[in-house]
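I have placed the structure first, in the form of structure tokens, so that the comments after it can refer back to it.
The values are calculated or read from the model by the stated rules, or taken from the named source; none is laboratory data. Computed from a predicted structure; not experimentally measured. For neighbour counting, all protein chains shown are included, and Cβ atoms are generated from backbone atoms with ideal geometry for every residue, glycine included.
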Amino acid sequence: MEIKANWVDLEKRRIVPVSMRVEAGKIHSFQELDQWQESFLLPGFIDAHVHIESSLLIPSEFARMATLHGTIATVSDPHEIANVCGLEGVELMIENGKKVPFYFAFGAPSCVPATAFETAGAVLNDKDIEQLLANKDIYYLAEMMNYPGVLYGDEQVHAKLTHAREAGKPIDGHAPGLMGNDAVSYFSHGISTDHECFSLEEGREKAHLGVNILIREGSAARNFEALIPLLREFPNQIMFCSDDKHPDSLLLGHINQLVARAVKDGYELFDVLTAACINPRKHYQLPSGALNIGDSADFIVVEDLHDFKVKETWIKGICVARNGQSLIPRVEQTPINQFGLKQAPPAAAFELQAKPINRVIGCLDGELITLDETLTREELLAHPDIATLVVLNRYNEAPPALAFIRGMGIQKGAMASTVAHDSHNILAVGKSAMDIQAAIDALVQNQGGLSLSYDGITEVLPLNMAGLMSTADAWEVAEKYTQLDKLSKTQLGSSLRAPYMTLSFMALLVIPSLKLSDLGLFDGKRFEFVNQNQ
């Protein structure tokens, strides 16, 4: 097979018209041509850090949609399903991913559970991590979120780090805002990446320590604008990632969007493509090809070097996507789950009374961090944007934890989800206890999903795989998710870019400042529980 196109040769930093020959799934040869061609030939794009589960799709369905945008590989942390189903969940992700032509580089989830301050469905100790790291299908130790454990000598944390170093596999970091001596100490343990930088100053300081900085632009957290200047200073230490990508966003684009944006902003083409195609491959020692003779025939054909509209995506010599159509067939997958709650509590359980002084979670659009605010009862009752946040144990019968939240923008009704980082208990937000109860009950009846309730109407997207993903067709899932997202804005009144994605991080205790677990209100800076009126 021969493909004629303008080859973007990243190694020699040149563009040359060629006829590329592919034989037996590998790059056989390049022959230079005299005339420029209509299309451009590039290595495939790589998402350097993503939780496949956040797409609400199983890996095989994720691949069907991502390849439309030129993505051939992901560095994937199966942390979410591991928190629900343990090792069985990680193994399912690996095996399902093998059923399609795509490179899923899965990691060993380092923090299951993420903290001891919430109820999770599983525990992975250092022996479990050692077992995973011995698996050739596990490429790295996934994000070490327990940075206090790294800094203060937690025995289990350091045992996991030791196993990764002994296995010779990279260790991913997760240290939002960590700088100075603490950052030096944290990264001295072999931790080599960070995708949680939210300021240029933080990213530059960590890059000077030799850390690889992942520029993240997902459905909720967006740090491209703040961090992209680092590409000029540290071109060999920058990668692009989405971290969390909901299906409606994935339908529109993936890493190709960041590439186009960086080039339009004036960044050097070869530096941008090196970050998108080469740096992750080298760092994680991925088996995907880089368009060298003898490599696996993994490449994309794009219309131009401005918008990077993908015409074709090839993996292992197989065309997997062409002109916006996936050529990867669907595969059947038997779901697994862990959902012990049999009945939603009555509406009265979700009534939260204002105190003279109230501690309030302030959520921010496009950020995982939250504010820790204090309002009087009078201020609380007069504020138009105050709602009740609920976290309810999905694994066992237990009373719900409640808190006030500002910033979700909800004017009526309620929305709920079992995608609730990191332990994936039931998470809900609403203005009415009755609507909160209805939204939660829909999730209990379906053993997981996303739901919304208002004016006596309840809508739900069932997620039959661990309450995190659907085994249905990717486009059907995206359509239903888009409907719920629209209703959360048009009917409930949320002004957030991605209300469900933002909601999913309100129980993420490892990101400061104020969050809510199923066990109570939590101060992410002091790493301890606090009272609502403290």
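Numbers for the structure displayed
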{"read-out": "Qualifying position, being closer than 16 Å to Leu452 by Cα, in contact (Cβ under 8 Å) with a residue 12 or more places away in the chain, among the basic types (Lys, Arg) and not in a strand (DSSP E or B), among Lys355, Lys412", "value": "Lys412"}
{"read-out": "The stretch 7-24, residues that are assigned to a loop (DSSP other than H, G, I, E, B) and surrounded by 16 or more Cβ atoms within 10 Å (Cβ to Cβ)", "value": "Leu10"}
{"read-out": "Pair list, Cβ < 6 Å and 6+ apart or interchain, from the stretch 188-208 residues that are surrounded by 17 or more Cβ atoms within 10 Å (Cβ to Cβ) and modelled with pLDDT of 95 or more to residues that are outside any strand (DSSP E or B) and basic (Lys, Arg)", "value": "Asp194/Lys206"}
{"read-out": "Meets criteria (of a type in the set (A, V, I, L, M, F, W, C), crowded, with 19+ Cβ neighbours inside 10 Å and within 20 Å of Thr502 (Cα to Cα)) for Ala438", "value": "no"}
{"read-out": "Pick from the stretch 502-534, criterion at pLDDT below 90 and within 19 Å of Asn83 (Cα to Cα), ranking: surrounded by the most Cβ atoms within 10 Å (Cβ to Cβ)", "value": "Val510"}
{"read-out": "From Ala120, Ala142, residue being closer than 30 Å to Gly340 by Cβ and part of a strand (DSSP E or B)", "value": "Ala142"}
{"read-out": "Filter pass, Glu459 being acidic (Asp, Glu) and in contact with a strand residue (DSSP E or B) (Cβ under 9 Å, 6 or more places away or on another chain)", "value": "yes"}
{"read-out": "Selection within the stretch 495-515 - out of contact with any Phe, Trp or Tyr (no Cβ under 6 Å at 6 or more places or on another chain) and not in a loop (DSSP other than H, G, I, E, B)", "value": "Pro499, Tyr500, Met501, Thr502, Leu503, Ser504, Leu514"}
{"read-out": "Residues that are over 28 Å from Glu88 (Cβ atoms), in contact with a helix residue (DSSP H, G or I) (Cβ under 9 Å, 6 or more places away or on another chain) and either at pLDDT below 95 or of a type in the set (S, T, N, Q) (or both), drawn from the stretch 429-486", "value": "Ser432, Gln437, Ser453, Thr458, Thr482"}
{"read-out": "Candidates Val112, Val100 - the one that is within 18 Å of Asp77 (Cβ to Cβ), touching a helix residue (DSSP H, G or I) at 6+ places or on another chain (Cβ under 8 Å) and in a loop (DSSP other than H, G, I, E, B)", "value": "Val112"}
